[in-house]
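First up is the structure itself, then whatever we jot down about it.
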Amino acid sequence: MISIIIPTYNERENLEELFERISRALRDHEFEIIVVDDDSPDKTWEKAKTLGKIYPVKVIRRTREKGLSSAVIRGFKEAKGDIFVVMDADLQHPPEVIPKLIEAIENGAEIAIASRYTKGGKVENWYWWRKLVSKGAIMIGRVALPKIRNVKDPVSGFFALKKDVIAKTDLTPVGFKILLEILIKGQYERVVEIPFTFGLRRAGESKLSQKQIINYLRHIYRLMRWEGEIDRLIKFSFVGLSGIFVNEGALLGFVEFLGWDKRLAVLPATELSILNNFIWNDIWTFKDLKRKPFHLRLLNFHLAALTGALVQWVIYLILLYMGLHYLIANLIGIGFSFIVRFIFNRNITWG
């Protein structure tokens, strides 16, 4: 049994073609269509009920609750199938792809994603800014949440999954990227991406807004907290602060007590602070991620420090050229350096 879950809002004009194409695509399968409508002014729910006389459609009209992700979760609760398929009603998600998603699930994947960005996938006729927003969102998600860094399209709204993936999971997404929540919190081993062409909207209107972008960033932050990445970032910050004291203390000792040249003493002092930071990060910040040999972790940590220093220097020079005060320029450079070093170490040194 396959449950097709379709959240809707003002999609009345698309339903007849959508249901007919789903029915044709799944003619060899037992399936149900669950429409979760947020009380659309165009009475999408009413049209869906009428079409329910022809197709196996269950309509849920929500008059108090709103939002795409919560609509999908409601659909999960109402679904009777062993495999769930989530898709939009705007015909940008071609129903003809559903059998490929089902096949991937039947061949061992727990989650199958209709992907715009895997090899063979594409987006038709988007403005450049819309592509930039989409790819920027994906980049932020993959950097902030290493668990999904190998998924090309973790924000797709078109996907299939086994019921068991979310059976014991409390889904509490913010915004409309429900797949992101499932990928982080779900119980699964294998994800497969199926390429598809993201087509043109036939009717209705796009749901993307500034509020949705803000909610996406809130969602990323909440998932980082759930994954423990915010705690990890705080630990990394404390370790970095300890490295400053080690660097300053060592420099003072080399110059004042050993009489070393100030221009040369900074080099071993810096190396001691790097070693201090590496040891504390290895036994505290990233203690659960020691997948690589010790010597490779140490080498990569030095590369991260070098990369961070180069980023700091480049940002510093750019801001100086723009006329910013040198102390402020340096502070901003340090901030960028910190972010780069954390990302490098989280994804490469202890990745």
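Details
- Unique residue being more than 21 Å from the chain's Cα centre (by Cα), part of a helix (DSSP H, G or I) and not β-branched (Val, Ile, Thr) when the list is Arg64, Arg74: Arg74
- Exclusive hit being out of contact with any helix residue (DSSP H, G or I) (no Cβ under 6 Å at 6 or more places or on another chain), of a type in the set (Val, Ile, Thr) and under 25 Å from Lys122 (Cα atoms), set Ile22, Ile98, Ile73, Ile105: Ile105
- Within the range 156-181, the set of residues being of a type in the set (Val, Ile, Thr), surrounded by 23 or more Cβ atoms within 10 Å (Cβ to Cβ) and not in a helix (DSSP H, G or I) is empty.
- Flag if Val133 is in contact with a strand residue (DSSP E or B) (Cβ under 7 Å, 6 or more places away or on another chain), under 26 Å from Val36 (Cβ atoms) and either free of Cβ contacts under 8 Å to residues at least 24 places away in the same chain or of a type in the set (A, V, I, L, M) (or both): no
- Residue in the range 230-244 that is surrounded by 12 or more Cβ atoms within 10 Å (Cβ to Cβ) and farther than 22 Å from Ser337 by Cα present: no
- Taking the range 1-21 as the range and being among the polar types (S, T, N, Q) and within 12 Å of Pro95 (Cβ to Cβ) as the test, only Asn14 passes.
- Only one of the numbered conditions (1) closer than 22 Å to Ile178 by Cα; (2) without any contact (Cβ under 8 Å) to a residue 60 or more places away in the chain is violated by Thr8, and that is (2).
- Condition met for Ser3 (among the polar types (S, T, N, Q), assigned to a helix (DSSP H, G or I) and either at pLDDT 95 or above or under 20 Å from Gly157 (Cα atoms) (or both)): no
- Residue in the range 294-307 that is modelled with pLDDT of 90 or more and in contact with a Lys or Arg (Cβ under 6 Å, 6 or more places away or on another chain) present: yes
- Pair list, Cβ < 8 Å and 6+ apart or interchain, from the range 97-115 residues that are assigned by TED's automatic domain parsing to the domain that holds Gly199 and assigned to a loop (DSSP other than H, G, I, E, B) to residues that are surrounded by fewer than 24 Cβ atoms within 10 Å (Cβ to Cβ) and of a type in the set (Ser, Thr, Tyr): Glu110/Tyr188
- The listed residue being out of contact with any Leu (no Cβ under 6 Å at 6 or more places or on another chain) and either more than 24 Å from Glu193 (Cα to Cα) or without any contact (Cβ under 8 Å) to a residue 40 or more places away in the chain (or both), out of Asp82, Asp90, Asp42: Asp42
- Within the range 117-155, the set of residues being closer than 26 Å to Phe84 by Cβ, assigned to a loop (DSSP other than H, G, I, E, B) and not acidic (Asp, Glu) comprises Tyr117, Thr118, Lys119, Gly120, Gly121, Leu145, Arg149, Asn150, Val151, Lys152, Pro154, Val155.
- Residue check for Gly323: over 23 Å from the mean Cα position of the chain (by Cα), closer than 21 Å to Ile234 by Cβ and at pLDDT 85 or above: no
- Of residues in the range 190-238 being acidic (Asp, Glu) and farther than 30 Å from Ile279 by Cβ, the one modelled with the highest pLDDT: Glu193
- Within the range 74-103, being farther than 9 Å from Ile5 by Cα and of a type in the set (A, V, I, L, M, F, W, C) holds for Ile83, Ala89, Leu91, Val97, Ile98, Leu101, Ile102.
- Leading residue by the ranking (surrounded by the fewest Cβ atoms within 10 Å (Cβ to Cβ)) among those in the range 27-71 that are acidic (Asp, Glu) and more than 18 Å from Glu17 (Cα to Cα): Asp28
The values are calculated or read from the model by the stated rules, or taken from the named source; none is laboratory data. This one's a predicted model, so the numbers in the text were calculated from it and none came from an experiment. For neighbour counting, all protein chains shown are included, and Cβ atoms are generated from backbone atoms with ideal geometry for every residue, glycine included.
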